[in-house]
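Novice: Once you've had a glance at the structure underneath, I'll fire off some questions.
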Amino acid sequence: MNIDVKYVAHLARLSLTPEEETKIGSQLDSILGYIEKLKEVDVSGVEPTAHPFPLVNVVRPDEVQPCLSQEEALRNAPSQANGLFMVPKIVE
């Protein structure tokens with residue numbers, strides 16, 4: 001395989017020395033050659049999957065729990081007024 005390393009480096013906004021271009025070019029050729037070998041494997045009986053192991057979301061059940069009072073929530077606020085957090089203005 002012959003990859004235009006300069007073009008790919010330009011797309012990735014990388015500046016490579018000529019030695020790096022040669023080294024990366026041979027590495028990319030090896031990688032693409034291995035991918036071609038993988039294409040030879042018969043996967044007709046294999047179901048597509050996003051992960052090799054079955055994953056299940058483990059979440060706790062929703063339960064009503066006591067919440068903070070307004071005073072507790074505002075206790076560590078650096079600035080507050082009328083029961084609200086005061087924050088710096090960010091829009092002009």
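The values are calculated or read from the model by the stated rules, or taken from the named source; none is laboratory data. Being a predicted model, the structure only gives us computed values, none of them experimental. Neighbour counts are summed over all protein chains in view; Cβ atoms, including those assigned to glycine, are modelled from backbone coordinates with ideal geometry. Surface accessibility is based on the protein's heavy atoms, side chains included, excluding ligands, DNA and RNA. Shrake-Rupley method; radii C 1.70, N 1.55, O 1.52, S 1.80 Å.
Novice: In nm, to one decimal, how far is the modelled label at Thr49 from the one at Glu20, with both set 7 Å along Cα→Cβ?
Specialist: Modelled inter-label distance: 3.9 nm.
Novice: Dipole magnitude of the chain about its Cα centre, charges +1 at Lys/Arg Cβ and -1 at Asp/Glu Cβ only, in debye to the nearest 20?
Specialist: 280
Novice: Here are labelled values, (1) 3.25; (2) 2.32; (3) 1.37, and one is the computed Cα Rg over 2.2 N^0.38 Å for what I pasted. Which one?
Specialist: This structure yields the entry labelled (2).
Novice: Tell me, what % of the accessible area of the chain is carbon and sulfur with a 1.4 angstrom probe?
Specialist: 59
Novice: Beta carbons within 10 angstrom, averaged per residue: use that to sort the peptides 47-59, 76-88, highest first.
Specialist: Taking the mean over residues of other Cβ atoms within 10 Å, the ranking is 76-88, 47-59.
Novice: Could you provide, to the nearest whole Å², the per residue accessible area of the chain with probe 1.4 Å?
Specialist: 100
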